[in-house]
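Data block below; observations after.
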Protein chains: 2
Amino acid sequence: MPNWLKKRADLSPNREALIFEGHTYTFLEVFEKASSYVGKIGTLGLGKGKTAAVLFSNQAESVFILYALQMAGIKAVILNNRLTSEELSWQLGDSDADVLVYESRFDDKVSSISSEVNFISTDKLKQLEDGDSVFLEEYDMDDVTTIMYTSGTTGNPKGVMQTYGNHWWSANASALNLGLHDYDKWLCTVPIFHISGYSILMRSQIYGMPVILHSTFEEKKVVEDIRKYQVTVMSVVSTMLSRVLVELGTRKLPDSFRCMLLGGGPAPLPLLESCIDKGIPVFQTYGMTETSSQFATLSPEYSIERLGSAGKALFPNLIRIVDSDGQDVPLGAEGEILVKGPNVTYGYLNRPDVTADKIRNKWLHTGDIGYLDSEGFLYVLDRRSDLIISGGENIYPAEIEGVLLSYPGVADAGVIGAPDEKWQQVPVAFIVKSDSGVSEEALLALCEEKLAKYKLPKKFYFVESLPRNAAKKLLRRKLREWLEAEGDGNGH
Amino acid sequence: MPNWLKKRADLSPNREALIFEGHTYTFLEVFEKASSYVGKIGTLGLGKGKTAAVLFSNQAESVFILYALQMAGIKAVILNNRLTSEELSWQLGDSDADVLVYESRFDDKVSSISSEVNFISTDKLKQLEDGDSVFLEEYDMDDVTTIMYTSGTTGNPKGVMQTYGNHWWSANASALNLGLHDYDKWLCTVPIFHISGYSILMRSQIYGMPVILHSTFEEKKVVEDIRKYQVTVMSVVSTMLSRVLVELGTRKLPDSFRCMLLGGGPAPLPLLESCIDKGIPVFQTYGMTETSSQFATLSPEYSIERLGSAGKALFPNLIRIVDSDGQDVPLGAEGEILVKGPNVTYGYLNRPDVTADKIRNKWLHTGDIGYLDSEGFLYVLDRRSDLIISGGENIYPAEIEGVLLSYPGVADAGVIGAPDEKWQQVPVAFIVKSDSGVSEEALLALCEEKLAKYKLPKKFYFVESLPRNAAKKLLRRKLREWLEAEGDGNGH
């Protein structure tokens, strides 16, 4: 398999590759920019087999550097820029990155990082001389090219290893599902540090398709640019889609817009109905970092009839639903969702135990609960480890609980997602005090120090004890009932 | 990777899959037909790992049986139905097929087959009861699914082994090149026993795209069906394209028609100009059985500017040009064309020696001569082993020479392609007699017995001696010069 960006620059040098803040880069230009960065990175002494962590926002330079790392065969640990210094320090230490490349806007965050990694800002990197630009002529599909951290039930985040092959197959499976037109343009307002955004960059190289990149999500600019550039596809989560609809008002999107790819959990009925009214084709998807993005997708013609479904596994993908003994359950019965396919990670960085536990016989045990209906459409009932999805960000309760439990005077802590109009969900905490002096303010201050802002509990409930089963496992379902009762009490 | 046809029937059961002689089959129907044949084949005692040879014309039932073999994991030796009984016997023996499934229309041919293989006609197969329909739930990309014979410099044909992965990658590379629209329909008038036709069936399953299948090429029906079914893509060789243009006369193809995929050698300028006049986008391609079809393609916008070029290698593919020492030559210089990619065969059936010779370090040595221009566009100058391409069929001179030399009284024989208006090329033979009694009629009779009709020399030239170099290698270039002189002499 040839070097993707080089091949693309050879096949369609003058085609538009990237549009950012009014500037358009062709594939040849992007290739030249990335090649130059390969040289600069070489000057740092980095090359094939090394690991570079990056702390980026959505910028054109971020794309060039990500492409440079991929071309050079340097594994990129792509950090979530919303994490705290403490969270970043942990991931840098765990990944044993050789260098951290960061945007100057994150200076403060980086200055507090406790890991012993070498730092270089993108400004400084840009000023370095180009060394030998040694890049791979061919990609080995089994080589790891990116590492993205996700959390889980048990405290510390795990680095998901994604190979060139994973990304390749993901892009191809997506094309077989959504089609591939030579006038396609994909609007990316989701973070490129998430697989949802990064996968758009991979599709761009492989399809020869322009990406319109926004540094943040702003619904006004979204609607403007969809019209201006005749965007055909966009990736969103429900909150974004709602905001686009509000912004549109009585207007419609241009006819050329053909796919709203909706991730991060099922969309509510009124939202889907509004989209149908406006002729916006919504493709609801199920995917995760471990599946290198889109894994199952529901075509728009089914969006009402199969409300709440994430559709069927893409062409190269397979889904099974198993019970707690690992036995397949009949259609319609609930169980754990298992996924298999060439876009599924082969494991977690430096975690052979977790890898062996979660991936058996090439089947990834997602921890998500769901079922297949009589015609094989997937319904996801509960995200793994009681995952909270807030504005498209994954939040793992166990991580927040760990922070809260570390506070002296907190005897027990339980976190769940509460429904939220703007963010779909926000975390809320239930606390059992052992010391009556513990205050909400003190807990919040601790969380602010330890956790990214979107993970901060929006409300603290102080209770006598938490519902736990005989094995002392927290029964989050009970907590959700308490929360509903609380809501009812407040007249919601 | 899931079973393609089953997955497709699951994802889009009601989409059109196959249109043949006015009858439309959905993917679910095709899957059910193929599943039924899996059962019938099971009744014959055949299953995964076995080998079945097939002697088919382009029929709906042929497609169902080919799909059944693929689903069952039975290797299909797909025979060219234009071969003689003797040629077929040889391939059946070489492939050691467990059974030959043939259409009754080939009864005569089959009755003269000398190989000890078991036969069953498709009529009889159809009447068998369905046994257990045991098909593969998943395909292993490295498993061989088809074997197609090609000849070469050295006498006997070789069975090219094509894996599930080869076909998968070929279909994906083609989609990345030509795009993939949900209204695409592919017209197949080329034989499904050739990779050009078989690859259309693979694309159909993988893309979820209807194939309009014709049993033979008839330009009138082609133009009719392109209009009737709103065909978007068609595979042709030059002769077919010329005939379509003549049939069209002053008419044009509908606007929905978006790709004329032209294989079998470069098209002459006047033909391309006529296509431009009529707004027919011609994609000239280079490919072979060993690359599981399309390998390099020239986009229509370059068809005049890069006249005679086959374009650039598709996204997953690489091309090198090397000299006789295997060293890369500079751009612009001639040499042997080497190809590499996931759609390239890993070898020839039961021929480890030939495989080792032709495939080194994953690079297939095509034997074709060509060069890359300064921008990397491929020009094919001479097909391997002085291949003659006649109406889309490959003819290897060595095979015809072998037959001629077997005749008592023939001292030497050389075959080359002569230009032909209708077929692009036809074989002609140069003969050195050792016995003056040898007649053209006798030689032709021998050829008719031994060789498929399209391989018969259209003319015999009796000469004193053949041009051979010091190593006694036949200088076919000299023969071509003789032929041109001959043509001039005849006032052409």
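Taking every residue in region B:332-345 that is more than 16 Å from B:Ser309 (Cα to Cα) and pairing it with any residue that is in a loop (DSSP other than H, G, I, E, B), at least 6 positions away or on another chain, the pairs with Cβ-Cβ distances below 6 Å are B:Lys340/B:Lys362; B:Gly341/B:Pro316; B:Gly341/B:Asn317; B:Pro342/B:Pro316; B:Asn343/B:Ser292. Whether a residue is in the same structural domain as A:Ser174 (by TED's automatic domain parsing), assigned to a loop (DSSP other than H, G, I, E, B) and without any contact (Cβ under 8 Å) to a residue 24 or more places away in the chain was assessed, and A:Glu301 does not pass this test.
Going by the structure shown, is B:Ser324 within 27 Å of B:Arg480 (Cβ to Cβ), surrounded by fewer than 19 Cβ atoms within 10 Å (Cβ to Cβ) and not acidic (Asp, Glu)? Answer is yes for this residue. For residues in region A:275-306 being among the small types (Gly, Ala, Ser) and modelled with pLDDT of 90 or more, which is surrounded by the fewest Cβ atoms within 10 Å (Cβ to Cβ)? So, considering only residues that are among the small types (Gly, Ala, Ser) and modelled with pLDDT of 90 or more, the one surrounded by the fewest Cβ atoms within 10 Å (Cβ to Cβ) is A:Gly279. Can you confirm whether B:Glu401 is part of a loop (DSSP other than H, G, I, E, B) and more than 17 Å from the chain's Cα centre (by Cα)? So B:Glu401 does not fit the description; no.
Would you mind stating whether B:Val415 is in contact with a Pro (Cβ under 6 Å, 6 or more places away or on another chain), hydrophobic (A, V, I, L, M, F, W, C) and touching a residue at least 24 places away in the same chain (Cβ under 8 Å)? Walk me through how you get there before you give the answer.
On the way: in contact with a Pro (Cβ under 6 Å, 6 or more places away or on another chain): yes; hydrophobic (A, V, I, L, M, F, W, C): yes; touching a residue at least 24 places away in the same chain (Cβ under 8 Å): yes.
Here the answer is yes, as B:Val415 does meet what is asked.
All conditions in (1) at pLDDT 95 or above; (2) out of contact with any Phe, Trp or Tyr (no Cβ under 8 Å at 6 or more places or on another chain); (3) not polar (S, T, N, Q) hold for B:Val339, with the sole exception of (2). Condition check for A:Ile359 on (1) within 14 Å of chain B (Cβ to nearest Cβ); (2) free of Cβ contacts under 8 Å to residues at least 24 places away in the same chain: one failure, at (1). All of (1) within 13 Å of chain A (Cβ to nearest Cβ); (2) outside any loop (DSSP other than H, G, I, E, B); (3) touching a strand residue (DSSP E or B) at 6+ places or on another chain (Cβ under 8 Å) hold for B:Asn172 with one exception: (3). For region B:127-155, filtered to residues that are within 17 Å of the chain's Cα centre (by Cα) and in a loop (DSSP other than H, G, I, E, B), the residue that is modelled with the highest pLDDT is B:Ser151. Annotation: B:Thr345 fulfils all but one of (1) under 16 Å from B:Gly367 (Cβ atoms); (2) within 14 Å of chain A (Cβ to nearest Cβ); (3) assigned to a loop (DSSP other than H, G, I, E, B); the unmet one is (2).
Which of the residues belonging to region B:265-281 are farther than 15 Å from B:Trp423 by Cβ and touching a residue at least 40 places away in the same chain (Cβ under 8 Å)?
Going through region B:265-281, the residues farther than 15 Å from B:Trp423 by Cβ turn out to be B:266, B:269-270, B:272-281.
Selection gives B:Pro266 alone.
Residues in region B:327-342 that are within 14 Å of another protein chain (Cβ to nearest Cβ), buried (at least 16 other Cβ atoms within 10 Å of the Cβ) and not hydrophobic (A, V, I, L, M, F, W, C): B:Lys340, B:Gly341, B:Pro342. Among the residues of region B:349-366, those identified as in contact with a strand residue (DSSP E or B) (Cβ under 7 Å, 6 or more places away or on another chain) and either of a type in the set (D, E, K, R) or closer than 23 Å to B:Ala173 by Cα (or both) are B:Arg351, B:Lys358, B:Lys362, B:Trp363, B:Leu364, B:His365, B:Thr366.
Scan region B:93-136 for residues that are acidic (Asp, Glu) and either within 14 Å of chain A (Cβ to nearest Cβ) or more than 17 Å from B:Leu66 (Cα to Cα) (or both) and report the count.
Step one: list which residues in region B:93-136 are acidic (Asp, Glu), which gives B:94, B:96, B:98, B:103, B:107-108, B:116, B:123, B:129-130, B:132.
Those left that are additionally either within 14 Å of chain A (Cβ to nearest Cβ) or more than 17 Å from B:Leu66 (Cα to Cα) (or both): B:94, B:96, B:107-108, B:116, B:129, B:132.
Residues meeting the conditions: 7.
The single condition among (1) buried (at least 21 other Cβ atoms within 10 Å of the Cβ); (2) part of a loop (DSSP other than H, G, I, E, B) that B:Glu116 does not meet is (1).
Any residue in region A:110-127 that's within 18 Å of A:Thr84 (Cβ to Cβ) and among the hydroxyl-bearing types (Ser, Thr, Tyr): show its pairings with residues that are at pLDDT 90 or above and part of a helix (DSSP H, G or I) at Cβ separation under 6 Å, as long as the two are six or more apart or on different chains. Listed pairs, sorted by first residue: A:Ser112/A:Ser85; A:Ser114/A:Ser89; A:Ser115/A:Ser89; A:Ser115/A:Leu92; A:Ser115/A:Gly93. Which residue is nearest to A:Thr297 (Cα to Cα), if the candidates are limited to region B:1-33 and must be part of a helix (DSSP H, G or I) and at the interface with chain A (Cβ under 10 Å from one of its Cβ atoms)? Of everything passing the filter in region B:1-33, B:Leu11 is nearest to A:Thr297 (Cα to Cα).
Go through region A:282-318 and count every residue that is of a type in the set (Gly, Ala, Ser), touching a helix residue (DSSP H, G or I) at 6+ places or on another chain (Cβ under 8 Å) and under 15 Å from A:Ala173 (Cβ atoms). Spell out the reasoning first.
The initial filter retains those residues of region A:282-318 that are of a type in the set (Gly, Ala, Ser), namely A:287, A:292-293, A:296, A:299, A:303, A:308-311, A:313.
So of that shortlist, the ones also touching a helix residue (DSSP H, G or I) at 6+ places or on another chain (Cβ under 8 Å) come out as A:287, A:292-293, A:303, A:309, A:311.
Restricting the remaining residues to those that are under 15 Å from A:Ala173 (Cβ atoms) gives A:287, A:292-293, A:311.
Number satisfying all stated conditions: 4.
Please specify each residue of region A:1-35 satisfying the condition of being surrounded by fewer than 19 Cβ atoms within 10 Å (Cβ to Cβ) and in contact with a Ser or Thr (Cβ under 7 Å, 6 or more places away or on another chain). Scanning region A:1-35 gives A:Pro13, A:Asn14, A:Arg15.
Name the residue that is farthest from A:Ile400 (Cα to Cα), counting only residues in region A:137-165 that are within 14 Å of chain B (Cβ to nearest Cβ) and crowded, with 18+ Cβ neighbours inside 10 Å.
Keep residues of region A:137-165 that are within 14 Å of chain B (Cβ to nearest Cβ), which gives A:137-142, A:164-165.
Going one step further and asking which of them are crowded, with 18+ Cβ neighbours inside 10 Å, we end up with A:139, A:164-165.
Working: A:Tyr139: 39, A:Tyr164: 33, A:Gly165: 34 Å.
Ranking the qualifying residues of region A:137-165, first place goes to A:Tyr139.
Any residue in region A:202-217 that is farther than 26 Å from A:Pro352 by Cβ, surrounded by 20 or more Cβ atoms within 10 Å (Cβ to Cβ), within 14 Å of chain B (Cβ to nearest Cβ) and among the β-branched types (Val, Ile, Thr)? Scanning region A:202-217, I find at least one residue that is farther than 26 Å from A:Pro352 by Cβ, surrounded by 20 or more Cβ atoms within 10 Å (Cβ to Cβ), within 14 Å of chain B (Cβ to nearest Cβ) and among the β-branched types (Val, Ile, Thr), so the answer is yes. Among residues of region B:175-201 being within 24 Å of A:Leu11 (Cβ to Cβ), more than 10 Å from chain A (Cβ to nearest Cβ) and polar (S, T, N, Q), the one that is surrounded by the most Cβ atoms within 10 Å (Cβ to Cβ) is B:Ser199. In this structure, B:Leu46 does not satisfy being closer than 30 Å to B:Lys453 by Cβ, at pLDDT below 95 and either assigned by TED's automatic domain parsing to the domain that holds B:Tyr198 or in a strand (DSSP E or B) (or both). Annotation note: Cβ proximity below 6 Å between a residue of region A:368-386 that is buried (at least 19 other Cβ atoms within 10 Å of the Cβ) and a residue that is at pLDDT below 75 and of a type in the set (Lys, Arg) (sequence gap 6+ or interchain) occurs for A:Asp368/A:Arg383; A:Asp368/A:Arg384.
For the structure I just gave you, tell me whether A:Val438 is outside the structural domain of A:Gln91 (by TED's automatic domain parsing), among the hydrophobic types (A, V, I, L, M, F, W, C), at negative phi and assigned to a loop (DSSP other than H, G, I, E, B). Steps first, answer last, please.
Values: outside the structural domain of A:Gln91 (by TED's automatic domain parsing): yes; among the hydrophobic types (A, V, I, L, M, F, W, C): yes; at negative phi: yes; assigned to a loop (DSSP other than H, G, I, E, B): yes.
Considered against the rule, which asks whether it is outside the structural domain of A:Gln91 (by TED's automatic domain parsing), among the hydrophobic types (A, V, I, L, M, F, W, C), at negative phi and assigned to a loop (DSSP other than H, G, I, E, B), A:Val438 comes out as yes.
The values are calculated or read from the model by the stated rules, or taken from the named source; none is laboratory data. All values derive from a computational prediction rather than experimental measurement. Ideal geometry is used to build each Cβ from the backbone, glycine not excepted, and the neighbour counts take in all protein chains shown.
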